[in-house]
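The following block contains the structure, expressed as structure tokens.
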Amino acid sequence: MSLNRHFLSTVWVKTQILFLAVSACLPSAAFAKVSSVWPGYNGSDAATWLAVAPVEIRIEAPTPLTGNNLQLLLALSGDGDLGELRQKASQEFSDYLNQQVQKRFGDFFIDERVHLVDEGALLTLSTNFDVRIRQKISDIVSRKNYDLEKGIMIAYGKFHYRLEGPVVGAQALREGTVDISELALQTNYSTLVPKDAGTVEDTTREATERLLADIAEEVLDQIENILEADSLVVLARR
């Protein structure tokens, strides 16, 4: 019985030594953790594995239901906290842009057969959005029963990307910035406020979400050649 235990112990030790020896010969990407958030192609070629950092987003956008009627907005806030309403709307828009980015970039990486992971790949992609959306009033109509504001919403800001290697703190292998204002993205909005305190008809939220979806798509168009599988393999082998 003692000999059997000794034999099994010897086999276990040799197995561990063999495992460590093989591990030392494999790239770190072979043990990468599959992305828990981003969709992507589940491939086995470590050269086309890409770690994706959480998207960083900052958004300044008109608060839905504002129009030209701040008194109405303050009444809707309950305690008159306009800042709280703006913060809530900003978070909702940030979440929406994050979803759009993950969907569009995720679909692109599936087509490119790039496997997305949380960490451990040869390359890591970091993205940062600093978005500002402004309203430009084109017409204000005042009638007996309502006030109507029409205009356009225009997207401004910057998108920054950074591709880094496995060495923490090392200089980026590639990075760049897209000027969102140069994409010339805009859409129409309208806000109708009844004078009898009826239901406000405001398309500000829908217009903002259209712009955010356009931003995600257009930004990808600007850098997709950099994120193609062949380009990533060349970058990873530097």
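Restricting attention to region 195-221, which residues are at pLDDT below 95, over 18 Å from residue 93 (Cα atoms) and surrounded by fewer than 18 Cβ atoms within 10 Å (Cβ to Cβ)?
Correct list: 195, 196, 197, 198, 199, 201.
Follow-up question, since we're still on this one. Please go through region 111-152 and give me each residue that is out of contact with any strand residue (DSSP E or B) (no Cβ under 7 Å at 6 or more places or on another chain) and modelled with pLDDT of 90 or more, ordered by number.
111, 112, 113, listed by residue number.
Results for (1) surrounded by fewer than 17 Cβ atoms within 10 Å (Cβ to Cβ); (2) within 18 Å of residue 217 (Cα to Cα); (3) without any contact (Cβ under 8 Å) to a residue 60 or more places away in the chain, shown as yes or no for each residue.
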position	(1), (2), (3)
96	no, yes, no
119	yes, no, no
126	no, yes, no
131	no, yes, no
159	no, yes, no
180	no, yes, yes
193	no, no, no
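Here are some conditions: (1) modelled with pLDDT of 90 or more; (2) more than 20 Å from residue 149 (Cα to Cα). Residue 61 meets all but one. Which one does it not meet?
Residue 61 satisfies every listed condition except (2).
Looking at this structure, is residue 168 more than 14 Å from residue 191 (Cα to Cα), open to solvent by 50 Å² or more (accessible area, probe 1.4 Å) and modelled with pLDDT under 90?
When the stated conditions are applied, residue 168 passes them.
Give region 134-164 a look and list any residue that's in contact with a helix residue (DSSP H, G or I) (Cβ under 6 Å, 6 or more places away or on another chain) and either within 30 Å of residue 192 (Cα to Cα) or among the β-branched types (Val, Ile, Thr) (or both), or say none.
153, 155, 156, 157
Here's another thing I want to ask about it. So for region 140-148 (the condition being open to solvent by less than 30 Å² (accessible area, probe 1.4 Å) and not in a strand (DSSP E or B)), does at least one residue qualify?
No, every residue in region 140-148 fails to be open to solvent by less than 30 Å² (accessible area, probe 1.4 Å) and not in a strand (DSSP E or B).
Residue-wise test of (1) among the β-branched types (Val, Ile, Thr); (2) assigned to a strand (DSSP E or B).
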{"site": "110", "(1), (2)": "yes, no"}
{"site": "156", "(1), (2)": "no, yes"}
{"site": "161", "(1), (2)": "no, yes"}
{"site": "172", "(1), (2)": "no, no"}
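The values are calculated or read from the model by the stated rules, or taken from the named source; none is laboratory data. Keep in mind that what you see is a predicted model, and the values were worked out from it rather than measured. Quick reminder, even Gly has a Cβ in these numbers, built from the backbone with ideal geometry, and neighbours come from all protein chains shown. Calculation scope for accessible area: heavy atoms of the full protein, side chains included, ligands and nucleic acids excluded. Shrake-Rupley method; radii C 1.70, N 1.55, O 1.52, S 1.80 Å.
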